[in-house]
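The values are calculated or read from the model by the stated rules, or taken from the named source; none is laboratory data. Small disclaimer: the values here were computed from a predicted structure and weren't measured. When we count neighbours, we look across all protein chains shown, and the Cβ atoms used for this are built from the backbone with ideal geometry, even at glycine. Note: accessible area is taken over every heavy atom of the protein model, side chains too, but ligands, DNA and RNA are not part of it. Shrake-Rupley method; radii C 1.70, N 1.55, O 1.52, S 1.80 Å.
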Amino acid sequence: MKGFRLDGLLRVRRAQEERTASVLAARTARLRDSEALRSRAMRELAAFGEPGTTLEALRAVAAARASSEAMLAELRLAGARLEDEVDEARLALGEARRRVRTLERLEQAHRSAEQEAELKHEQNRLDEIASGRVARGEED
């Protein structure tokens, strides 16, 4: 049996698929961490209770709230970027899987053709043996 000529390419494509799957997993983890951080920031922002009664206390609460809101806006923006990266990684993984499946189908077709050729060759040999016996009068 001959080897599948595209076997090396298939190994490379499988490695690419594994690499893109790990990129997707890493990006998904980063997105999950970002969402957890944003949720925590929102809880902290909501935790600002009643402001104090002095002018300094009011200014401190206002500054902390403004700072928290700015941080929350940055986290939302970072989260949106991470979602885009996750979507991009999903598309790349889908493409990598498609390329691997295409080569796997070619490999299966190659193996089937080789097996069929091998069986045909074996059948021809059996037919030659049987026809030689018949010619010599050596039937079962």
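Some points to look at:
- Pair list, Cβ under 8 Å, 6 or more apart: the stretch 43-64 residue among the aromatic types (F, W, Y), other residue at pLDDT 70 or above: F48/V61; F48/A64; F48/R65; F48/S68
- Selection of the stretch 1-48 for residues being under 26 Å from Q108 (Cβ atoms), aliphatic (A, V, I, L, M), open to solvent by 60 Å² or more (accessible area, probe 1.4 Å) and in a helix (DSSP H, G or I) yields L9, V12.
- Tabulated pairs, the stretch 84-112, first under 21 Å from A26 (Cα atoms) and among the acidic types (D, E), second assigned to a helix (DSSP H, G or I) and open to solvent by 100 Å² or more (accessible area, probe 1.4 Å), C-beta under 8 angstrom, 6+ apart or interchain: E85/R30
- Residues in the stretch 95-104 include none that are open to solvent by 70 Å² or more (accessible area, probe 1.4 Å) and over 22 Å from V12 (Cβ atoms).
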